[in-house]
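One structure below.
What follows is calculated from the coordinates using simple rules that are stated; it is not laboratory data. If you're wondering where the values come from, they're calculated on a predicted model, not measured in any experiment. Cβ placement follows ideal geometry from the backbone for every residue including glycine, while neighbour counts extend to all protein chains displayed.
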Amino acid sequence: MNKFLDLIKETLKRKSIYRILMNWAIYENCQDLKGLMIDLGGGEKPSYYNYWKINPTSFIVVDIDEKKPDIVCDLNKPLPFEDNFADVIFLFNVIYIINKPENLVKEIHRVLKSDGKFFLCSPFIFNEAKEPHDYFRLTSEGISTILDEARFKNYQIIPFGERFTAALFLTEKLVILNILKIPIRLLALFFDKIYPKKLKKIHLCPLGYFVKAMK
């Protein structure tokens with residue numbers, strides 16, 4: 001994927017810088033996946049469908065909105081699947097609207113097969129987005145604690161974006177013309193890249209986190 005061209009294309013489509021960087025993380029980490037898959041809170045053909053490479057034997061969308069999913073379910077309640085059911089479960093931009101996210105992640109662990117894979121995206125520097133609720137912004141340590149409590153032993157937490165793209169995300173709605181956002185976004189990505197690594201380790205400030213875990 002040519003990220004420069006993708007940035008231009010997605011910016012002109014009015015996608016936020018958060019959404020673009022999240023989709024890049026999905027492109028880099030969700031490739032050649034197979035088996036029975038569940039997309040929790042996926043909605044109706046989200047943009048990340050264009051970035052992953054999956055070959056599902058069955059693909060189930062679960063959402064509380066009756067117009068969108070294969071299965072209607074309140075994700076604050078137990079998942080309507082038996083133990084060891086799915087090979088892959090996705091949870092993108094959902095965990096912060098769950099009242100008790102630790103319970104949902106435990107349910108995901110239960111539903112996954114013994115070698116199942118779990119992929120999560122969670123915003124960190126992000127405006128309130130009540131859908132209809134918005135409860136949490138999890139740090140990497142918070143995510144790690146929830147995964148540990150759910151008995152995920154093999155996982156990786158990957159930050160995407162840094163303080164310049166984070167600041168841009170919070171302010172760029174002041175820029176009315178999308179075409180003007182392109183050079184500003186390129187500059188923010190450049191400054192994110194050159195920001196000292198030592199300071200990133202001490203004071204990490206990403207737009208969000210991408211997580212890949214195995215049961």
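Dividing the summed -39500 (n - 2.57) terms of all DSSP H runs of n ≥ 4 by the residue count of the chain sets its mean residue ellipticity at 222 nm at -10500 deg cm²/dmol.
Axis of helix 178-194 versus longest Cα principal axis of the chain: the two differ by about 80°, to the nearest ten degrees.
Taking Cα atoms only, the orientation of helix 3-12 departs from the longest principal axis of the chain by about 90 degrees. Given 25 °C and 0.890 mPa s, how large is the Stokes-Einstein diffusion coefficient of the range 134-207 in µm²/s, with Rh as the Kirkwood radius over Cα pairs? Result for D is 171 µm²/s. Exposed loop sites here mean GluC sites (Glu not before Pro) with a DSSP loop assignment and at most 13 other beta-carbon atoms within 10 Å; the chain contains its longest site-free run at 129-215.
Evaluated over the Cα positions of the range 3-214, the convex hull gives a direction-averaged projected area, one quarter of its surface, of 11.8 nm². Taking the 0 to 90 degree range and rounding to the nearest ten, how far is the long axis of helix 101-111 tilted relative to the main principal axis of the chain, both from C-alpha atoms? That helix lies at roughly 50 degrees to the long axis.
From least to most packed, judged by other beta carbons within 10 angstrom and beginning with the fewest, C30, C121 follow the order C30, C121.
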